[in-house]
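Student: After the C-alpha cells below, expect a handful of questions from me.
Every read-out reported here was derived from the displayed coordinates using simple, explicitly stated rules and does not represent laboratory data. Here the structure is a predicted model, which is why all the values come from computation and not from measurement. Note: ideal-geometry Cβ built from the backbone for every residue, glycine included; neighbour counts use all protein chains shown.
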C-alpha cells in the first residue's frame, strides 16, 4: 500500500508560510506546491530516535510539522550523504536528512529541493559548500553555525540562516539535537558538496 504524505507536505508548507522573513516569503511564493507524489520505499535511520525530543523543543508554530514528521518517521525515505568512513560511526548514527520534494524527494520538483535535517547532540558537521543557495531554519535552538571565515554563532529556533552560493558553512550541536528545515535552489539539486577539499556525492 502506498503511504500518502499530503498532510506532511501541507504542514511543511504551512510552517514556511508562517515565517516572517522576506527571503523565505519569496522562496515560498516561487514554489509550485501542487507537486506529483513519488512512490518511495521507507528507509528509517538511527537518528530518528531524536525526533521525539525535537518535537518537545520545537516552537509552537513548528509543532504541527514536527509532530506529523515524528508520527510518519518510519514510513519515510531518509538519506545520508556520507558513510562511517567519512566522519565515523558516531556521526552516522546521529545524522540523516529527508527530502520532502526535489529531484529525489517524496514529491517531484526539478527547480527546488527542500526537506529536513537531523543532527544528534554533540555532533560537528564540518565545513562544506555547494553551488546552490541554501536557506536553513532550525526548529530548535542551541545549535552553533559558522559561515565563511567567521566563528561559530548560536542560532535560535525559527531564525533564518542563509548560505549563498559556494560559501563554506558548518554546524555543531550541544546537549540537544537539531532538526532544521532546508531549501536548496539556484544550482544543481543533487550536486556534489565539497567538504575540506573532498568532493562527496549529495547535499546537506
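Student: If I model a spin label as a point 7 Å beyond the Cα along the Cα-Cβ vector, how far apart are those points for residue 162 and residue 38 in nm?
Tutor: 2.9
Student: Related question: Using 7 Å Cα-to-Cβ label points, what is the residue 72/residue 17 separation (nm, one decimal)?
Tutor: The modelled label-to-label distance comes out at 1.6 nm.
Student: Between residue 60 and residue 127, what's the calculated FRET efficiency when r is the beta-carbon distance and R0 is 30 Å? Round to 0.05.
Tutor: 0.35
Student: Shifting gears a bit: At 0.36 nm per residue, minus the direct Cα-Cα distance, what do residue 25 and residue 86 gain on full extension? Give it in nm, one decimal, please.
Tutor: Extra length available between residue 25 and residue 86 comes to 18.4 nm.
Student: So, in nm, how far is label residue 152 from label residue 172 when the simple model puts each one 7 Å beyond its Cα toward the Cβ?
Tutor: 0.3
Student: Additional query: Return, for the Cα atoms of region 1-64, the radius of gyration and Dmax in Å, separated by a comma.
Tutor: 14.3, 40
Student: Average the reciprocal distances over every distinct pair of alpha-carbons in region 6-200, invert the result, and give the Kirkwood radius in Å.
Tutor: So the Kirkwood estimate lands at 16.7 Å.
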